[in-house]
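The values are calculated or read from the model by the stated rules, or taken from the named source; none is laboratory data. The shown structure was predicted, so the numbers you read here are calculated from the model rather than taken from an experiment. FYI the Cβ positions are ideal-geometry reconstructions off the backbone, even for glycines, and counts take in every protein chain you see.
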Amino acid sequence: MPERVADEAYRLTRRVREDDNDVLVLYPDEWVEDGVAQLERIENLDRGVERPLGGPGETDRWEQTEAHNRELAETVAVEHGEVHGANAHALADFMSNHYAKRIETATGDELAEFVEEYFPRNAWPSDDQKAVVEESIRLVFECAGQPVPPRYAE
């Protein structure tokens with residue numbers, strides 16, 4: 001059940017999303033109605049915070065992992081354009097916040113989860129982004145100098 005966190009500077013609703021790895025979710029109160037985030041109320045995604053509470057990632061080194069993923073996404077944007085860059089940044093958000101792992105260590109299952117579940121619901125992709133998301137993932141791995149995981153590369 002979502003719970004409000006009251007502070008003079010912040011009014012947040014918090015909850016723990018319980019899936020394979022628990023994730024602490026903090027959203028501004030104005031985004032939430034009856035415990036559900038109202039997508040039409042979200043103007044700036046940076047105001048929401050999601051952090052893994054455990055799991056397989058490098059949670060003790062989250063800041064370094066996030067910086068690495070963000071730098072890799074920016075490389076994709078510079079080398080391959082805005083649309084691929086936006087997709088790479090969405091993947092950076094996903095891997096940093098949900099798995100606390102470097103993008104290039106993602107498994108095929110994690111990439112499938114990104115494409116099938118996270119990307120359409122959380123990245124708010126344009127039609128152009130949707131059309132090239134699979135290619136964007138390939139470009140991220142190319143920029144990282146790593147092969148795309150086998151299950152996903154099929």
Filtering the stretch 29-60 down to residues that are modelled with pLDDT of 75 or more and either more than 22 Å from HIS89 (Cα to Cα) or small (Gly, Ala, Ser) (or both) yields ASP29, GLU30, TRP31, VAL32, GLU33, ASP34, GLY35, VAL36, ALA37, GLN38, GLY48
Apart from one, (1) at pLDDT below 75; (2) surrounded by fewer than 11 Cβ atoms within 10 Å (Cβ to Cβ) all hold for VAL5; the odd one out is (2)
- Message: Being under 26 Å from VAL23 (Cα atoms) and either crowded, with 21+ Cβ neighbours inside 10 Å or modelled with pLDDT under 90 (or both) is the requirement here; does GLU71 meet it?
- Response: no
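I'm trying to understand the selection: among the residues of the stretch 134-154, which are in contact with a Phe, Trp or Tyr (Cβ under 6 Å, 6 or more places away or on another chain) and closer than 25 Å to ASP46 by Cα?
none
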Report yes if VAL76 is in contact with a Leu (Cβ under 9 Å, 6 or more places away or on another chain), modelled with pLDDT of 90 or more and of a type in the set (A, V, I, L, M, F, W, C), otherwise no. yes
Please indicate, with yes or no, whether at least one residue in the stretch 70-91 is under 30 Å from VAL36 (Cβ atoms) and either in the same structural domain as VAL23 (by TED's automatic domain parsing) or without any contact (Cβ under 8 Å) to a residue 12 or more places away in the chain (or both). no
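Suppose the filter is out of contact with any Asp or Glu (no Cβ under 7 Å at 6 or more places or on another chain), free of Cβ contacts under 8 Å to residues at least 24 places away in the same chain, under 24 Å from GLU18 (Cα atoms) and outside the structural domain of THR13 (by TED's automatic domain parsing); does ARG138 pass it?
Against the criterion (out of contact with any Asp or Glu (no Cβ under 7 Å at 6 or more places or on another chain), free of Cβ contacts under 8 Å to residues at least 24 places away in the same chain, under 24 Å from GLU18 (Cα atoms) and outside the structural domain of THR13 (by TED's automatic domain parsing)), ARG138 does not qualify.
If you check PHE114 against the conditions, is it farther than 17 Å from GLU82 by Cβ and hydrophobic (A, V, I, L, M, F, W, C)?
Answer is yes for this residue.
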